[in-house]
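Colleague: My questions will all concern the structure given below.
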Amino acid sequence: MEDEKHTKVRSILQTPNTDVDIPDYPSEYREETAAEIAAPVPLVQRRDREESRERAEGGTGMGWAALVLSILSLFVMPILFGAAGIVIGFIARRRGAEGLGAWAIGIGALSIIVGIFVLPFF
């Protein structure tokens with residue numbers, strides 16, 4: 001009786017390939033699909049952590065240099081030193097010193113804006 005029901009369902013449903021499992025037709029296999037739905041978990045190796053630490057240490061020197069140039073640009077040649085601080089700040093951020101690079105970019109941009117729009121009136 002079970003075989004007659006499955007045969008009847010297959011004859012009613014139009015499919016190009018009769019061996020393909022149809023949603024209304026029960027499958028004999030029950031796979032777990034959680035691995036396809038869940039987000040992949042990244043595996044962090046020790047070497048990756050050491051490389052990121054070295055990368056951050058490599059950018060720290062450039063971050064401090066960019067910050068010094070940006071602060072110096074508040075007092076002397078704001079366009080030149082401010083632009084240099086911004087450029088080196090972006091390089092420092094790319095090399096891992098995100099905080100120092102962001103501060104250097106912000107202070108350099110502020111120095112350029114003050115140098116162009118405020119200082120000519122004094």
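The values are calculated or read from the model by the stated rules, or taken from the named source; none is laboratory data. In this text the structure is predicted, and so the values were computed from the model without any measurement. All Cβ positions, even for glycine, are placed from backbone atoms using ideal geometry, and neighbour counts span all protein chains on display. All accessible areas refer to the heavy atoms of the entire protein, side chains included, with ligands and DNA or RNA removed. Shrake-Rupley method; radii C 1.70, N 1.55, O 1.52, S 1.80 Å.
Colleague: Does segment 62-87 hold any residues that are touching a helix residue (DSSP H, G or I) at 6+ places or on another chain (Cβ under 7 Å) and in a loop (DSSP other than H, G, I, E, B), and which are they?
Modeller: Leu74
Colleague: In segment 107-122, what residues are open to solvent by 40 Å² or more (accessible area, probe 1.4 Å) and under 21 Å from Ile88 (Cα atoms)? First the steps, then the outcome.
Modeller: Pass one, segment 107-122, residues open to solvent by 40 Å² or more (accessible area, probe 1.4 Å): 110, 113-114, 116-122.
Leu110, Ile113, Val114, Ile116 - these are the residues of segment 107-122 that are open to solvent by 40 Å² or more (accessible area, probe 1.4 Å) and under 21 Å from Ile88 (Cα atoms).
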